[in-house]
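A short worksheet on the structure shown next.
The values are calculated or read from the model by the stated rules, or taken from the named source; none is laboratory data. Computed from a predicted model, the values in this text were never measured in an experiment. Methodologically, a virtual Cβ is constructed for each residue, glycine included, from the backbone with ideal geometry; neighbour enumeration extends over all protein chains shown.
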Amino acid sequence: MQKDIYERIINFLLGASWGIILLGAFITFKLFSFLGLAFAFFITVIFVVVGLFLVLTLDAFVVNRKRLEEAKKQTEILEKLLKQEA
């Protein structure tokens, strides 16, 4: 099944987001480690939570797109049934 440009862009952004979360968590921890391990860990967890929220937002776009496609298919089927009945 071929993916349209919308799905390719969203999937690319999802992959890039995961990469940014992983690399950013490492950099954030290293950047704040001089202030103490507990504080660095806390800031890193906050960074990861915000990043995961953004990943969930992108994933919601994918789910809504699939729901829209299913609704279009169901509407088409219902219109065919209505024409047959009339």
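The table that follows gives values for the structure above.
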item: Any chance ALA71 is surrounded by 13 or more Cβ atoms within 10 Å (Cβ to Cβ) and among the small types (Gly, Ala, Ser); result: no
item: Any chance ASN11 is within 16 Å of the chain's Cα centre (by Cα), part of a helix (DSSP H, G or I) and at pLDDT 90 or above; result: no
item: Check on ILE21, surrounded by 14 or more Cβ atoms within 10 Å (Cβ to Cβ) and either over 22 Å from the mean Cα position of the chain (by Cα) or over 30 Å from LYS3 (Cβ atoms) (or both); result: no
item: Any hit, segment 34-56, residues being out of contact with any Lys or Arg (no Cβ under 9 Å at 6 or more places or on another chain), surrounded by 13 or more Cβ atoms within 10 Å (Cβ to Cβ), small (Gly, Ala, Ser) and closer than 22 Å to ARG8 by Cβ; result: yes
